[in-house]
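Asks: Below you'll find the structure I mean.
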Amino acid sequence: MEYRSDSNGWATFLEHWWFLVAALTALVALQVINFLSHLTGTGFIWCYGIALTVSAVGIALIFYAKIPLYQERRFSTFGSAAIPEARRPFYRCGYRCVIAGAILLACLLVSHP
């Protein structure tokens, strides 16, 4: 059995299976759009609450990461360069949570309450 060490990895995979990846992505996107477009009542309220909770957790993580800066009275900093190295993962995770919550809230605009 011979193994090739000069594989291109992900590029080779996509070269042969791009249609399957595109079809599965389209199928998942259609299912999400279908779910959100028929969301009413209690389901809508639950999704809204989950989106707000995820965003609130993200804001709390950003605040936790920036506490050392606030103690130094540095309130108008942006980016993770000024944050201590140990708290940078909290800052990045916080922004990811805020973005995920905002995307979910934007997707809820598609639904018909």
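Asks: Just to be sure I understand the filter: pairs with C-beta atoms under 6 Å, separated by 6 or more residues or on different chains, first member in segment 65-80 and free of Cβ contacts under 8 Å to residues at least 60 places away in the same chain and closer than 16 Å to Arg92 by Cβ, second member among the β-branched types (Val, Ile, Thr) and part of a loop (DSSP other than H, G, I, E, B). Which pairs pass?
Replies: Final answer for the pair search is Ala65/Ile83; Leu69/Thr77.
Asks: Only one of these conditions is not met by Thr12: (1) exposed (fewer than 13 other Cβ atoms within 10 Å of the Cβ); (2) part of a loop (DSSP other than H, G, I, E, B); (3) more than 18 Å from the chain's Cα centre (by Cα). Which number is it?
Replies: Going through (1) exposed (fewer than 13 other Cβ atoms within 10 Å of the Cβ); (2) part of a loop (DSSP other than H, G, I, E, B); (3) more than 18 Å from the chain's Cα centre (by Cα) one by one, Thr12 breaks only (2).
Asks: Residue by residue through segment 74-100, note down the ones that are assigned to a loop (DSSP other than H, G, I, E, B), of a type in the set (Val, Ile, Thr) and either modelled with pLDDT of 90 or more or surrounded by 14 or more Cβ atoms within 10 Å (Cβ to Cβ) (or both). Show your work before the answer.
Replies: Of the residues in segment 74-100, the ones assigned to a loop (DSSP other than H, G, I, E, B) are 74-84.
Then drop every residue that is not of a type in the set (Val, Ile, Thr), which leaves 77, 83.
The one that is assigned to a loop (DSSP other than H, G, I, E, B), of a type in the set (Val, Ile, Thr) and either modelled with pLDDT of 90 or more or surrounded by 14 or more Cβ atoms within 10 Å (Cβ to Cβ) (or both): Ile83.
Asks: Do you know which residues across segment 33-61 are more than 15 Å from the chain's Cα centre (by Cα), in a helix (DSSP H, G or I) and loosely packed, with under 14 Cβ neighbours inside 10 Å?
Replies: Ile33, Asn34, Ser37, Gly41, Thr42, Ile45, Trp46, Gly49, Ala60
The values are calculated or read from the model by the stated rules, or taken from the named source; none is laboratory data. Values in this document were obtained by computation on a predicted structure and should not be read as measured data. All Cβ positions, glycine included, derive from the backbone under ideal geometry; neighbour counts span all protein chains shown.
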